[in-house]
1. Looking at 257, 250, which one is assigned to a loop (DSSP other than H, G, I, E, B), more than 28 Å from residue 361 (Cβ to Cβ) and free of Cβ contacts under 8 Å to residues at least 12 places away in the same chain?
2. Would you be able to say whether some residue in the stretch 107-122 is over 25 Å from residue 206 (Cα atoms), surrounded by fewer than 21 Cβ atoms within 10 Å (Cβ to Cβ) and assigned by TED's automatic domain parsing to the domain that holds residue 162?
3. Filter the stretch 343-358 for residues that are surrounded by fewer than 20 Cβ atoms within 10 Å (Cβ to Cβ) and at negative phi and give the result.
4. Kindly check whether there is at least one residue in the stretch 130-145 that is in contact with a helix residue (DSSP H, G or I) (Cβ under 7 Å, 6 or more places away or on another chain), more than 28 Å from residue 306 (Cα to Cα), at pLDDT 95 or above and part of a strand (DSSP E or B).
5. Sort through 161, 193, 206 and tell me the only one that's in contact with a strand residue (DSSP E or B) (Cβ under 8 Å, 6 or more places away or on another chain) and either closer than 26 Å to residue 288 by Cβ or assigned by TED's automatic domain parsing to the domain that holds residue 70 (or both).
6. Working only within the stretch 180-212, note down all residues that are on the phi > 0 side of the Ramachandran plot and crowded, with 23+ Cβ neighbours inside 10 Å.
7. Could you grab me the full set of residues in the stretch 186-207 that are outside any loop (DSSP other than H, G, I, E, B) and more than 14 Å from residue 169 (Cβ to Cβ)?
8. Please verify whether residue 71 is without any contact (Cβ under 8 Å) to a residue 24 or more places away in the chain and within 19 Å of residue 255 (Cβ to Cβ), treating the condition exactly as stated.
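The values are calculated or read from the model by the stated rules, or taken from the named source; none is laboratory data. The shown structure was predicted, so the numbers you read here are calculated from the model rather than taken from an experiment. Glycine also receives a Cβ, built like all others from the backbone with ideal geometry; neighbour counts cover every protein chain displayed.
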């Protein structure tokens, strides 16, 4: 084994998180911030494959810690599903469903606000995608009635309906919440299975798979359920569950699409440790929407800033067009990195370095005083002309 030099080791020792005390606006992190209980659990379960000491061959059957109850009882009740499985991420859950129920070369229908991983999962499964387009700037609203039109188009072109439909609820750019229940009704009429990508919904807001009328719903533990992740949630309902959860012919207790086991170690432990707090916070979703609307109203008072997407916003994730900062960046000595630096000086992070023209933010779990601090910071920076 080659020796590792002191400089290399020193660089590794310097890798650390320095975000304590900062207000983090990044939508991909707001819902994933660990609870104190989860942080405490990290130290006890940090060793690789720590959970496997308690496994007799099926991860979801472990009684201590109570993974069995969590996966087979608690989570199904939480999202109103027949079955739940934990995956290594929302994208893996989407891939599993597509791989199990769609034949290579078949067509699926998805909204044009879909996350790129929906497209990659389809491509990996050799599926074609027909999009239900949005209405473009400034709303980017998906007309869910067009799902029926696209299904009809696929039937006319291929002689059979799509093998799957996907709706993003909400989308990860604008935070738009389409009428997923209406999509569920349309898909039911045509006999098309429906998957809802709720990566920014489950764990933040109430979600009922049964009420939405879908066959599958996908969530993200590290985006929205206060888990260290990466970890995904797959909820299943109805007869297609058996197809997705089919067992191996050779290894009788292993589910093929799961490749035997889901996430082991910290992703699962932190998800479980945070769950009581996540369960409670979902009850206060209306307050989160109220805070988001308060923030948008105040931030749009700054000349040169506006929210894109459906108004009034229905989600904590929102997209801001910020021409005022773009104009400043043209003359500022720090150029397009000035905004990131100015925000950081005010203990605010989460806007990616180099972005000034537009960016996403999340107000999730900020209190009013914190929101006012963020708003005041943006107002101060907008005066740097």
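1. On the way: 257 fails: free of Cβ contacts under 8 Å to residues at least 12 places away in the same chain.
From the options 257, 250, the qualifying one is 250.
2. yes
3. Narrowing the stretch 343-358 to residues surrounded by fewer than 20 Cβ atoms within 10 Å (Cβ to Cβ): 344-347, 349, 352-355, 357-358.
Passing the criteria: 344, 345, 346, 349, 352, 353, 355, 357, 358.
4. yes
5. Numbers: 161 fails: in contact with a strand residue (DSSP E or B) (Cβ under 8 Å, 6 or more places away or on another chain); 206 fails: in contact with a strand residue (DSSP E or B) (Cβ under 8 Å, 6 or more places away or on another chain).
Answer to the check: 193.
6. 203
7. Answer for the stretch 186-207, where residues must be outside any loop (DSSP other than H, G, I, E, B) and more than 14 Å from residue 169 (Cβ to Cβ): 186, 188, 189, 190.
8. Yes: the conditions hold for residue 71.
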